[in-house]
Amino acid sequence: MALKGLDIFKITPKTNCKDCGNPTCMAFAMKVAQGAIALDKCPHLSDEVKAQLSEATAPPMKTIKLGVGAEEHTLGGETVLARHEKTFVSKNLFAFTVGDAMSDEANEAAFASTVVDYERIGERMYVELINVKFGGDSARYLELVKRAAGLGRTLILSVSDAAVAKEALELTKGTRPLLNGASAANAAEMAALAKEYAALLGVSAANLDELYDTVAEIEKTGFKDLVLDVSSASAGEAFADAVQIRRAALKNNDRTFGYPSLVDVGAIAPGDEDMQCALAALFTVKYGSIVVMEKMSYASALPLYGLRQNIFTDPQKPMRVEPGIYPLNGADENSVCAITVDFALTYFVVSGEMERSGVPVNLLISDAGGYSVLTAWAAGKFSASSIAKFINEEVAPKVKSRTLILPGKVAVLQGEVAEKLPDWKVVVGTREAIELVKFLKEM
Amino acid sequence: MPFKRTPQKFNAAINAMTLGTGDNAVTIGGASVLPLYSFDGDIGNAPKIGVEISDLGLEGECVGMTEFYAGASTPAEMAAKAEKMPGADFVCLRLEGADPNGHNRSVEECVEIAKAVAGAISLPLVIEGCKNNEKDAELFEKIAAALEGKNVLFLSAKEENHKSVGAAVGLAYAQKVGAESSVDINLAKQLNVLLTQLGVKAENIAMNLGSAAAGYGFEYVASTMDRVKAAALGQNDAMLQMPVITPVASEAWSVKEAMVDEADFPEWGPQEDRGVRMEIATAAACLACGSDAVILKHPRSVATISAMVAALK
């Protein structure tokens, strides 16, 4: 159970020595209770007290690293059930599936998922994980493991046979894969393997009660790098389990379920890519840490990765795009320039409408602190001086056109901008992005 | 030791609202648990799916759409096919052509189209305007009168035109009023308060909290819906207990990912697949966040989302 600030206060030295950086022991205790700082910031607590309390003050959901080096991903560590309460911290990861029981053709189609690789607002969008599923043919399985391991992604080894698992782990040594194959029947053996090879361990069960017991069993061995596999034949059950696990951990402080989850939507809707896309979206919004699909195509990736990027944005930090010149519709140095702010939503809406117009435009994104046009203007981050400075330093040397379109919402800036940029023709654009198509075509 | 289940129950519920009349009436809302949490308790009426057709027909639509509506040349003929689409719970007529900056179709013409559509279907009807506040107000008043007794939902009354829309649709002709706000819990509540002060009964209001395609600011949609449901159920806020209806098709099919030709972005693959998946992913996310009904248009999207809803019941 979580401790209240007062409980923690009772075991502090109560000397208000400020060694922890807080004005009083009470302030320190309150912050520890909120999870804002760690208990060991206080140098005066005995080890005995620390050990006793660290368990109680540990975060409700474990943070676990999967993969190594550039392919290291963080799972778990969530503290809230809804993003507006604070923020979600670890975006869900996607996987595609290959297996020895699948045809060569199906495996090739799945491996083709690696073509999905692009950037969106500073984030690389690709399938981070490959799920290699064991179906009985160990020689063929290990060949697939070898091939998948060479693709620069982290593997999920879906195998419950300990002997095969050991060989697969040997092939992926040092890459911190996820060994997804523990159940009530083989928990101890699999936990020992995962520990030996520093892998994560996926645990599954017939129902939540059995899963709960199995996790408790494995925790007794001291191994806690677990992932809870909630895959089930039914979407409803998988969803119910994913929600109840996350809620038990975060709302009811039940640490036995304080682990990331995995759901194989490919197994729920085999061969139905539309349904897999729907379920992947559902589990992106609600509590799937790893979403396994049969394969990934651009058609599914574009909405799913966009959705994930939205959901895992910190509500206190707006998404920003890189300031610079974005040539649209084949614009060159002679095409007109239109300026706006670096708030990602503004960029997407404005660039989308401009592309729809088909008119070549150099869209200029200025550094406005990630705010929308009016907010940035009110905060002084999108002013005549900031626009003039950006144009003179970044744009004028690269673009020959001397026509600049301002957002209609800051029409008031026109005079001042024109004064500061005497060789530019400053035009007031539309108030709403939706009017841009007509505006640009008639320009 | 078995896992201790702690269902999250509330002593409040989302209003249930019935659209249409008689045997084919459809009820949305009614949940007393968080969206889709059927394992916690009563989700009331499972989310419903509307099929959108436009008065402009199939201009610019992809093959899956033109094939489905093959042989239908008028909105009424399209509506008759739309209500047969597997997974359809109601039909939504979008009067895009009324837009004064577009086709500027007259109010009389729109009334005729709406009457013909209503006459062609037995499922409930939802009327969507052209997003021009003045024109919508005029349009809704005349259509509400023409379809009196059919229990039609009108999308939407906004802050700017809520008085005329609320008075005509909600009071004079006792139809259902959609209250549209732009992804903000306070604006949503304020509009509901204004409409009820006008005399429109709370149970005759549905909320369109605003929508966005996946990747296009959906975080605001998600958090607004999260907060609205938390207030409606957790704090028993009667001014936020209206069911939520979200038009998904119009948003999803107008983003770049769903629109650009395969010729321009060969690696992205067929345009139709991209549009369908954008619609599906957005709709699934809306339902996960709290929409009690979504409006879609492609037959594949309607089939997939209705199957997902059935699986989660």
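The values are calculated or read from the model by the stated rules, or taken from the named source; none is laboratory data. Computed from a prediction, not measured in an experiment: that's the story for all the values here. Neighbour counts run over all protein chains shown; Cβ positions are idealised from the backbone, glycine included.
Counting only helices (runs of 4 or more DSSP H) that sit completely within region B:207-270, those holding 3 or more residues that are more than 26 Å from A:Ala112 (Cα to Cα) and within 11 Å of chain A (Cβ to nearest Cβ) correspond to B:218-229.
Checking the stated criteria, A:Pro43 turns out to be in contact with an Asp or Glu (Cβ under 6 Å, 6 or more places away or on another chain) and surrounded by fewer than 14 Cβ atoms within 10 Å (Cβ to Cβ).
Considering region A:90-113 alone, what residues qualify as being of a type in the set (A, V, I, L, M, F, W, C) and within 14 Å of another protein chain (Cβ to nearest Cβ)? Walk me through how you get there before you give the answer.
Step one: list which residues in region A:90-113 are of a type in the set (A, V, I, L, M, F, W, C), which gives A:93-96, A:98, A:101-102, A:106, A:109-112.
Answer for region A:90-113, where residues must be of a type in the set (A, V, I, L, M, F, W, C) and within 14 Å of another protein chain (Cβ to nearest Cβ): A:Phe94, A:Ala109, A:Ala112.
The condition of being buried (at least 23 other Cβ atoms within 10 Å of the Cβ), within 14 Å of A:Thr403 (Cα to Cα) and touching a residue at least 12 places away in the same chain (Cβ under 8 Å) holds for only one of A:Asn362, A:Asn334, that being A:Asn362. Looking only at residues in region A:211-232 that are more than 26 Å from the chain's Cα centre (by Cα) and not in a helix (DSSP H, G or I), the one that is nearest to the other protein chains (Cβ to nearest Cβ) is A:Thr221. For first residues located in region A:1-22 and within 29 Å of A:Asp254 (Cα to Cα) and modelled with pLDDT of 85 or more, partners that are of a type in the set (S, T, N, Q) and part of a helix (DSSP H, G or I) and lie 6+ apart or on another chain with Cβ distances below 7 Å do not occur.
Looking only at residues in region B:263-282 that are touching a residue at least 40 places away in the same chain (Cβ under 8 Å) and crowded, with 24+ Cβ neighbours inside 10 Å, which one is farthest from B:Tyr216 (Cα to Cα)? If we take residues in region B:263-282 being touching a residue at least 40 places away in the same chain (Cβ under 8 Å) and crowded, with 24+ Cβ neighbours inside 10 Å, then B:Val276 is farthest from B:Tyr216 (Cα to Cα). Taken over region B:165-206, residues that are over 19 Å from the mean Cα position of the chain (by Cα) and within 14 Å of chain A (Cβ to nearest Cβ) amount to 1. Against the test of being more than 27 Å from the chain's Cα centre (by Cα) and either at pLDDT 95 or above or away from chain B (no Cβ under 14 Å) (or both), the options A:Gly76, A:Gly135, A:Gly69 yield a single qualifying residue, A:Gly135. Filtering A:Thr114, A:Thr79, A:Thr97, A:Thr74 for residues that are of a type in the set (S, T, N, Q) and part of a loop (DSSP other than H, G, I, E, B) leaves a single hit, A:Thr79. Could you pull out the residue among B:Gly102, B:Gly149 that is touching a residue at least 60 places away in the same chain (Cβ under 8 Å), more than 20 Å from the chain's Cα centre (by Cα) and outside any strand (DSSP E or B)? Going through B:Gly102, B:Gly149 in turn, the sole match is B:Gly149. When region A:147-198 is filtered for residues that are in contact with a Phe, Trp or Tyr (Cβ under 9 Å, 6 or more places away or on another chain) and assigned to a loop (DSSP other than H, G, I, E, B), the ones remaining, listed by number, are A:Leu151, A:Arg153, A:Val159, A:Ser160, A:Asp161, A:Thr172, A:Lys173, A:Gly174, A:Arg176, A:Pro177. Evaluate region A:189-196: report whether one residue or more is in contact with a Ser or Thr (Cβ under 7 Å, 6 or more places away or on another chain) and over 30 Å from A:Gln309 (Cα atoms). Yes, region A:189-196 has at least one match.
In region B:271-292, which residues are more than 7 Å from chain A (Cβ to nearest Cβ) and either on the phi > 0 side of the Ramachandran plot or of a type outside the set (A, V, I, L, M, F, W, C) (or both)? Working first, answer last.
To start, the set of residues in region B:271-292 that are more than 7 Å from chain A (Cβ to nearest Cβ) comprises B:271-272, B:275, B:279, B:283, B:286-287, B:290-292.
Answer for region B:271-292, where residues must be more than 7 Å from chain A (Cβ to nearest Cβ) and either on the phi > 0 side of the Ramachandran plot or of a type outside the set (A, V, I, L, M, F, W, C) (or both): B:Gln271, B:Glu272, B:Gly275, B:Glu279, B:Gly290, B:Ser291, B:Asp292.
Among residues of region A:195-210 that are within 14 Å of another protein chain (Cβ to nearest Cβ), those with a beta-carbon under 8 Å from a residue that is in a strand (DSSP E or B) and buried (at least 21 other Cβ atoms within 10 Å of the Cβ) at least six positions away or on a different chain give the pairs A:Val203/A:Ala182; A:Val203/A:Leu226; A:Val203/A:Val227; A:Val203/A:Leu228; A:Val203/A:Asp229. In region A:104-120, the residues that are at pLDDT below 95 form Cβ pairs under 8 Å with partners that are assigned to a helix (DSSP H, G or I), at six or more places apart or across chains, as follows: A:Arg120/A:Tyr305; A:Arg120/A:Gly306; A:Arg120/A:Gln309. Look at (1) closer than 21 Å to B:Lys256 by Cβ; (2) crowded, with 22+ Cβ neighbours inside 10 Å; (3) touching a residue at least 24 places away in the same chain (Cβ under 8 Å) and you find that A:Lys441 fails only one, number (2). Residues in region A:302-316 that are within 11 Å of chain B (Cβ to nearest Cβ) and assigned to a loop (DSSP other than H, G, I, E, B): A:Phe312, A:Thr313, A:Asp314, A:Pro315.
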